[in-house]
Structures are given as C-alpha cells and as structure tokens.
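The values are calculated or read from the model by the stated rules, or taken from the named source; none is laboratory data. Nothing here was measured: the structure is a model prediction, and the numbers come from that model. All Cβ positions, even for glycine, are placed from backbone atoms using ideal geometry, and neighbour counts span all protein chains on display.
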Amino acid sequence: MTSGRPEAAPHQRGGKSGIRIAAVVLLLGAAIILYDAISISERGGLAPGEPGFFPMAVGVGLVVVSLLFLLRTTLMQDKALFVYAAEEQSETHWNTVWLVIAALVAYAFVLQPVGYIVSTSLFFVGIAWVAGSRRWIRDIIVAVLFSAAIYFGFTELLGVRLPAGILQGVL
Amino acid sequence: MEVFADLASGFANALSLQYLLFAAIGVTIGTLVGVLPGIGPAMALALLLPLTYGFDPTGALIIFAGIYYGSLYGGAITSILLNTPGEAGSVATAIDGYPMAKAGRAGPALATAVMGSFAAGIISTLGLTLLAPAVANLAKSFQATDYFALMVLAFVSVTALVGTSIIRGLVSLFLGLFIGLIGLDFLTGQQRFTFGAPELLGGIDIVIVVIGLFAIGEALYGLARLQFAKVEEVKFEGRIWLNKAERRRVWKPWIRGGFLGFIFGSMPTGGSEVPTFLSYNLEKRLSKHPHEFGKGAIEGIAGPEAANNASFSGVMVPLLTLGIPTSATAAIILSAFQIYNIQPGPQLFENSPDLVWTLIASLFIGNIMLLIINLPLVKVWVRILDIPKPLLFTGILVFGTLGVYSLSGSVLEVIIVYVIGIVGFFMRLYDFPVAPAVLGSILGPMMETQFRRALAISQGDFSVFFTRPLTLVLLLLALAVLVLPTLLPRVLPRRTATDAGTTT
Amino acid sequence: MMISTRGSKKQRTYTALAAVAAGLLALTGCGGNGGGGGGGGGTAEEYPSASIEIMAPADPGGGYDQTARSIARALTEGGVIETGADVYNVPGGSGTIGLTQFVQNSGDPHQLMVIGKILVGAIQQTDSQVTLENTTPIARLTAEYDAIVVPADSEYQTLEQLMEAFKADPGSIAWGGGSVGGVDQILVAQLADAVGVEVADLNYIPYSGGGELTPAILSGDVEAAASGLAEFQDQIDAGEMRLLAVSSEKPIEGVDAPTIIDAGYDVSIANWRGLVAPPEISDEQREAVIGMIEEMAGTQQWQETLESNNWDDYLLTGDEFSEYIQSEDKTITQTLTNLGIIE
C-alpha cells in the first residue's frame, strides 16, 4: 500500500505508535501462547484426537493473525484504522487509565484483609475523584451507604459471603 | 386435545391471587438482581433459591419462573443502557441495543426487548407444551459427530459478529478460543495453559470473560474519556412505544428468535448463548437494512432477546422429559426439584403430572407478569442514565468485581477479570469487535470436546464425520453458509447485469 | 459459588439468635486468615461453642454440596448442636482449591470440610501442594455405588457377555462415565484389569456428569457406561437402559442386578464421602468433633437422608478412617498411574 504519503496531523502519529505497540504486545502474547501450546503438544500429543491439537491450532492461528495485524499497522497500513485510533487516543486521558488500573489492583488485594465495606468505600471515593468528581461529601456518603447496602444485602439476604476484614467483630 | 385439559388443570393450580402475587414478586426481584452486572439468571436463581424454601412446590416454581424471566430482562436493561451485559446471553443484545440507546431510542429498545421476550416466551412455552416428547426424541438421537457438525454450523453462521475488519475479528475470536482452552483437558485431565496456577485448573468461567470484556472494559473506557467530557451523553428522547416502522420490523425477528431459542435450547448442548448469536446473524442476513446493524438496528435486539427468553422453555424439554440439565440454570432448577423430592426424567409426566403442568402454566404466568410489570417500568429504568457519570462507572466496576468475587471467592479471579477488562479497553480503543471473543470461548471448548469424543469413539476413524447422514447434512449446510454469501453475489449480479444489458 | 445457604428455617432462627457476632465467624472461611476466629479455643466440654462451618469443595447441587447440607440439617434439626451450622461452597480445581483454603483454618475445630474418593484422585491429578495428610480426618459417612448399564437395545444381556466382547476387542467397547480420573474411570480400569485387558487399551470417554452421559448412552454413542446408580435409576425404571451390575460388595436391596463380584469379577468400588477437620487441633477437640459427628449419624434426620438419597451408611471414624484414606490413596494412585493420568 501507499506508505510513503506524508502524515497530516501530528496527533495522527500518536494513533500510529499506540496501535503499533498494541500490535507488538499482541504478537508477544501470541508467541507465549504458541510456546506453551508446543509444550502441551509434547506432553499430550499432536494428533487430532489428542490434547495438543487444538492448543496448537489456536497458537498458530493467533500468531498468524497477530502478524497480519502488525503488517496492517506497518507495511500495509490501514489508514481508516489509524484515523480511528488517533481520534480515540486523543480523547483518552491516559493518567486516568493508569490510575484506575492501579486502583483496581489495589482494590483486589485489600478486599480480603481490609474487608468489603471499607475497601469498597475507599475504592469508590478514589475512582470518583480520579474521574473528576470533586463533590467529596456526596461521594463519601454515597460510597459508604452503597458498600454497606451491598454488604448487608448480599450477606444477609442472598447468603453470599463477603469479607468483614478489619470490621470483624464490629459488624 | 388432552394436552390442553392438562394445561388447564395446571392453570387451575397456578392461577390464584396468591400465586399471581408470587409471580409479580419474583419478576421484580429477578429484574433488580439481573440488572447487577455479573449476576445472570443462573446466579440469580442460585442466590434466591433459599428464599423459596418456605413455599409449597407450586409457589416456589412460580417464583422461580418469575425470577428467571425477570433476571433475563434485567440483563437486557444494562446491555441496552450501559453496554454492560451481565452474562453471555445478552451480549448480542448489546451490539445494537447500546447504539440505539445512544441515539436516544432507549425506550423503544427496552420495549422491544420486553415485548419480544414475552412473545417468544409464549411461543416457546407452547412449543414445550405440544412438542416436548418429539423434541426430546430428536435430542436423544444426537451423537457426538452430530454435535460437532452442529457446532461447526453455528460457528460459520455467526460470522456477522466479526465486524468490519476480518483480521481484528479473527484476533478477537482466537483470543476467545485461547481462553476457552485454559484448564484441565476434559478428555485426558492434562493441564493446558494453566501456567502453574491451581485456580486456573477449572478454566475461566464465561461469566468472567463477559464481565471483563464488557462491564470492566466499558467502565474503564468511559472513565478515560470523562476528563475531556467526551462521553457521549445517552439522551432519552422520551418515546417508549414503537412507532409504525419499528413495529413492522420487530415482529418477524421475535417469532424467528422464539423458534431458534426453543430448538437450540432443547438440544443437549443447550443454553441461551448460541441461539442469541445465531438469531442476530439471521436477522442481519434477512434484513433489508443490513448496514444499520451494529449502529442501532432494532431487529438486532428483537431477535436475540426473543431467542434468549425462548431458550429457557427449550432447556426445560430435556430437563423434564429426560432429567438432563443442559445449562447452569437447568442444574439449579434440578436441585430445586430435589428439595421437593421430585426426580425429573422419563417418568415425571406420569408420576407427577400436576407439578409438570403447573410448572408449564407458571411459565406462561411468569411471561405475562414480565410484560405487565416491566413495560410501565421502562420509564423508570432509563433513569439509570441520570446517575452522574463518575458514580455510574465506579458503580459498574464495583458490581463487576462483586459478581466475580461472589462467584469464586478468589482474588486471583478478580485479577483475571481486571486483566480481561484492560484487554477489553484496548480492544475498544483500536476498534476490535468484542463479541467474537465471547463466542470463541463458548463454542471452542464444545466443538473440541465433541470432535475428540467422536474420534475416540470411532477409534480415530475420520469417516464417521461423513458416513452418518445427519452429520453430513449439517456439515454440508455449514459449507453452504460459508460459501454461498461469497459465491451468490458473484453469480447473481452478473446475471442481472446481462439481463439489464439485453433488455435495453 | 460462595453461597452459604442455611440448612432450614429452624436453623435460620438459630443463626438469627446466635446473632451477627457468631454468624460472622463464618467469614474466617473465606477471609483466609489463619487465626481461625475467636471460637477456636473452647475446651472439649464446651464444644461446639460457635456455629459449625462446613465447606463443600464444589458448586451447589453436586454430591459434596448435598452431603454438606444434609450434615448441617441433621446437626441442627436432629438437636445435636444448638449453635447452628452453615454450609459454604468453594468450587474449583476438582476440590483442591477448597482444600487449600480449608487448611488455613488451622486449629479451629468448628471448621469442617466434606471430602470424598474423587478428591483423593484429584489431589494426585492436579499436583496439589496440600494433601489430605494436612487435615485431621474425622469420619467417613456415606457411600454410593456405581452401576454398569447398557442401552435397552444393546446385544449384551449380562455383564459376562459385555466383558467377553470387551476382552475380545477392548477398543470396540467405548465406555462412558464421569470425569477423567474419577470413580467411574477407576472402576472401568479395575474391570479391565480383572479380565486381563491392558488398561492402556481402554477406550474410556469422559462426560461432565449425568446430564451429558445419559443422552450419550441413549443415542448409542457409547456401548456401555459406568456411573452412579442414582443417575441412571429413572432411565432404568423407564426401560431405556439395562442395568447389568452394581459395584457394591453386597447386593443392594430393591435393585434387580447382581454385584460385579457375584457376576464373576472380583471388583467392587464405593464412592464414599466423609468429613475432615483442619490441621493442628488438639486430641480432645478431635474427640469432641468425632463425638458430635457420631451423634449426628445416629439421628433420625440423618437416617432419613441416607434413605431418601440412596446413600449407604458407611460410618468409620478417627484412626480407622485415617488408615482407610491412606489405603485409598495407594490404590487410586496405582490405578491412575496405570491409566497414564499421573506419572
């Protein structure tokens, strides 16, 4: 395709590099999967009736489509996709993304030791802040009521166990 | 006919004011619980099962039917309004439901979902009433090769989900297939793609895939755009009723979806996911406006929602006639039966006809209640959109986490759902379709198991796939579905072109 | 699903009475904290001083789950304990996820877990770091037996005819049964052994349970099948399947089929289930738990449960149960190795 055409807007280049990174990450992931598929095949056999056949097919397939995708972002460029990605990226506030991801991971790890109500309240207020909400009082009230309602609704009415954590003995 | 006399006696049992009230309560609770992401019909039933312990069997079954239909519809509400389906059965609804809501047509979208559910529920329950024994016999004659061929047919039939770019669609599909392979190999017990984590031995639940790709991915996507206020406001234009054009477009999908859902639901590979995708694809193929699909075509909601609802009556066929639970929901209903010391199976219709006909009557009642309760509530549900965006997205993250945690009690699975959610976010950013991943992780394992089972039974002889008539017919159908859409346009337009040429 | 369903209405009242404080001890089970809650330290006389928490290491609805709920019901409704009993489910890893979580309740005699024959094999199969040696065996309680069935239109009228055909051409008989490495496959492997067929030549097709297996038998996909008698009972009664033999040692009352032993092959197998307590509980506490379970096994509620579920009373407690687990471990490991499932 025509890869020699000069780039128009500067933000379009942002779309390009982001999507290329995605393509490389995808290919790396596919390679790991293929590698594991090979070791499965070695243990289980590769004939159509054996455990290695489908993993191998999926591994090879994934590497092939990942390569094709990488090709579409480099040698045979998909212009429409670049325009789309550039627009999407310019509308994405990356700091928010990383903060939310960090908050999610932290939430998962403190959920059990700290307990459902406290960790969910903190998470809720934190994300609302990251998302740009500055109405502290409202957010804190909503967060505490919301997580307490879920906690009691689920443990008392539905019989699902949620961790009490540091509030154990108080609740 | 004798059937109708039996059914009438069933209605006589179920139609008391008290039971109608039960049905109404069941539908309401079911809808409320179903709205929570991560809590689909099966989970809702499992959670609410203890509530029914105090009731007589008839009352319990009626509440059950109500909860089921309610939670199914609850899933449609979030799919349409927020693009966060709670389980695989409502993924197809989100594809066109969310664009419709974004265009301000949330009212008609929800209305067609609830009315389609009702219409299909009635069709499929009639199917259950009249055809149960015949369909059960069909299911009984299916062998592994036939299942495999059926899966292949389903696979090639849902290519419409792949979307605009074949490469990106295939990436999504292969990712789904990969997720489906994680865990112990069903036929040999060998570990595959478990990377040493015992939590992965049992595989990744499809619910986790759906919550990750949709609820978590969508919330992340929404939050990321919030700073620039680029979240498209979902405005509600105030209309609930379908207009004349819409009415003309939905009734056929309802009926077709109803039949697809019932027939697929009653197969021993049952469940609601496959027929919803098939219905979506069928409607796109048959539609006069295929270009609208993915952008808010009302048929794209009408068909899958009808199929989703109808599959429940379908699932009841093998459950009641053969004692075979073919879906998670059916397994929970089976355990509810066992509380009352009732064993579904070939003798159920003989041993406890009262109960069976009461159950069937309660399915009708549950459907009617769904319509009566939820149609006026459409106006209330669209108020979800008035919740301030930061709180709404945070709420979706919290509920998504809650759904996964209450399903497994495992932090690792929560982390897995977040990872899948992050992948879902980037897929949105770079225009990868999400539905093929869901489909791959559902159909892939089924196809592999049946394929290898068939080979094991035949001791490695591939001819079994070509010597059994039913298998061969299904495989040829699959080939036709795959090849005809590309062949026909090449043959037909040329003919019309030459026709045009000769007439002038 | 982490669902704790209270055994009964009566029990709910108990739980309500025991109020939130006692009820929340339940959470130690999923909090994963090793402390084991406040109820662990009671002396034998006071036992139980808190609600009994029973883990079923599987989804609601299966055999482990039913056993756990039946025990909880017999404990409370049978009047054995006043403190209430809750059941919770930890599915995954064929039960090994639940086991790994359970042993973290070290030293807490109010925590119990349902185990069974399938778990013994699963521990081997999944290379679980935690084994049953990390638990305190309490009691074996129930047994279910497998049935060998063929479709109603099968040419095989007796087990002997089936086994002769199997011996002549092992690959031609596709055997259906439950998951890989489970009781059903072990039974079929032992049958193969008994007629001198190499276990490696066995053509065993696993299914995820009765829901998948039953249609495979009816459609003629498999020639014969082995699985829990209860799963086939209705189909046998309806004349859709023919029952050739049962896997118990003695004939089962009301079942019109010989045992495998009586049919001429020295094979019997019991799909047993029982209870274990966490590690590091004192001998006194262990005796107290055993005493409670023995009393439970004598209640009318429990006996009715056994009858309605067609479970055999298979009570064996304490040291004898520990030895039984060890011998089971040995034979199951041997069979799974022969099958090539474990190395």
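Tabulated results
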| item | result |
| --- | --- |
| Residue in the stretch B:407-425 that is on the phi < 0 side of the Ramachandran plot, aromatic (Phe, Trp, Tyr) and more than 7 Å from chain A (Cβ to nearest Cβ) present | yes |
| Condition met for C:VAL80 (of a type in the set (A, V, I, L, M, F, W, C) and within 14 Å of another protein chain (Cβ to nearest Cβ)) | no |
| Residue match in the stretch B:407-425 (condition: modelled with pLDDT under 90, among the charged types (D, E, K, R) and assigned to a helix (DSSP H, G or I)) | yes |
| Residue among A:VAL83, A:VAL63 that is surrounded by fewer than 16 Cβ atoms within 10 Å (Cβ to Cβ), more than 8 Å from every other protein chain (Cβ to nearest Cβ) and either more than 30 Å from A:LEU162 (Cα to Cα) or in contact with a Cys (Cβ under 8 Å, 6 or more places away or on another chain) (or both) | A:VAL83 |
| Test: residue in the stretch A:66-78 that is surrounded by fewer than 18 Cβ atoms within 10 Å (Cβ to Cβ), charged (D, E, K, R) and within 10 Å of chain B (Cβ to nearest Cβ) | no |
| Any pair with Cβ under 9 angstrom, 6 or more apart, that starts in the stretch A:103-114 at a residue that is more than 16 Å from B:LEU397 (Cα to Cα) and ends at one that is assigned to a helix (DSSP H, G or I) and not small (Gly, Ala, Ser) | A:GLN112/B:VAL411; A:GLN112/C:CYS30; A:PRO113/A:ILE166; A:VAL114/A:LEU122; A:VAL114/A:ILE166; A:VAL114/A:LEU167 |
| Residues being out of contact with any Gly (no Cβ under 7 Å at 6 or more places or on another chain) and outside any loop (DSSP other than H, G, I, E, B) - total across the stretch B:335-362 | 14 |
| Residue match in the stretch B:176-192 (condition: buried (at least 19 other Cβ atoms within 10 Å of the Cβ), touching a Phe, Trp or Tyr at 6+ places or on another chain (Cβ under 7 Å) and within 13 Å of chain C (Cβ to nearest Cβ)) | yes |
| Some residue of the stretch C:225-238 being facing another protein chain (nearest Cβ under 7 Å) and closer than 18 Å to B:SER458 by Cα | no |
| Subset tally (residues that are over 19 Å from the mean Cα position of the chain (by Cα), surrounded by 21 or more Cβ atoms within 10 Å (Cβ to Cβ) and in a loop (DSSP other than H, G, I, E, B)) for the stretch C:84-131 | 4 |
| Selection count, the stretch B:348-390, where residues are small (Gly, Ala, Ser) and within 21 Å of the chain's Cα centre (by Cα) | 1 |
| Residues located in the stretch B:442-469, provided they are more than 11 Å from every other protein chain (Cβ to nearest Cβ), part of a helix (DSSP H, G or I) and of a type outside the set (A, V, I, L, M, F, W, C) | B:THR467, B:PRO469 |
| Of the criteria (1) without any contact (Cβ under 8 Å) to a residue 24 or more places away in the chain; (2) in a loop (DSSP other than H, G, I, E, B); (3) surrounded by 19 or more Cβ atoms within 10 Å (Cβ to Cβ), which one C:GLU249 fails | (3) |
| C:GLY254 within 14 Å of chain B (Cβ to nearest Cβ) and either more than 21 Å from B:ALA144 (Cα to Cα) or aliphatic (A, V, I, L, M) (or both) | no |
| Residues within the stretch B:391-406 that are β-branched (Val, Ile, Thr), under 22 Å from the mean Cα position of the chain (by Cα) and facing chain A (nearest Cβ under 9 Å), tallied | 1 |
| Residue in the stretch B:443-462 that is nearest to B:SER172 (Cα to Cα), counting only those that are touching a strand residue (DSSP E or B) at 6+ places or on another chain (Cβ under 9 Å) and of a type in the set (A, V, I, L, M, F, W, C) | B:ALA456 |
| Cross-chain or 6+ apart pairs with Cβ under 6 Å, the stretch B:475-488 first and farther than 19 Å from B:PHE462 by Cβ, then among the hydroxyl-bearing types (Ser, Thr, Tyr) | B:VAL481/B:SER157 |
| For B:ILE122: the one exception among (1) out of contact with any Gly (no Cβ under 9 Å at 6 or more places or on another chain); (2) farther than 30 Å from B:ILE416 by Cα; (3) modelled with pLDDT of 90 or more | (1) |
| Set A:SER147, A:SER119: member being polar (S, T, N, Q) and touching a Gly at 6+ places or on another chain (Cβ under 8 Å) | A:SER119 |
| In the stretch A:105-120, residue nearest to B:SER408 (Cα to Cα) [restricted to those that are more than 9 Å from every other protein chain (Cβ to nearest Cβ) and either surrounded by fewer than 22 Cβ atoms within 10 Å (Cβ to Cβ) or of a type in the set (A, V, I, L, M) (or both)] | A:VAL110 |
| Members of the stretch C:305-325 found to be part of a helix (DSSP H, G or I) and loosely packed, with under 14 Cβ neighbours inside 10 Å, listed by number | C:GLU307, C:SER308, C:ASP319, C:GLU320, C:GLU323 |
| Qualifying residue in the stretch C:329-340 (condition: closer than 23 Å to C:ILE52 by Cα, buried (at least 19 other Cβ atoms within 10 Å of the Cβ) and of a type outside the set (Val, Ile, Thr)) | no |
| Residue match in the stretch B:332-347 (condition: surrounded by 24 or more Cβ atoms within 10 Å (Cβ to Cβ), facing another protein chain (nearest Cβ under 9 Å) and in contact (Cβ under 8 Å) with a residue 60 or more places away in the chain) | yes |
| Any hit, the stretch B:99-111, residues being within 14 Å of chain A (Cβ to nearest Cβ) and more than 25 Å from B:VAL158 (Cα to Cα) | no |
| Hits in the stretch B:194-219 (condition: buried (at least 21 other Cβ atoms within 10 Å of the Cβ), more than 10 Å from chain C (Cβ to nearest Cβ) and in a loop (DSSP other than H, G, I, E, B)) | B:ILE204 |
| Number of positions in the stretch C:130-173 that are within 30 Å of C:ILE97 (Cα to Cα) and of a type in the set (D, E, K, R) | 4 |
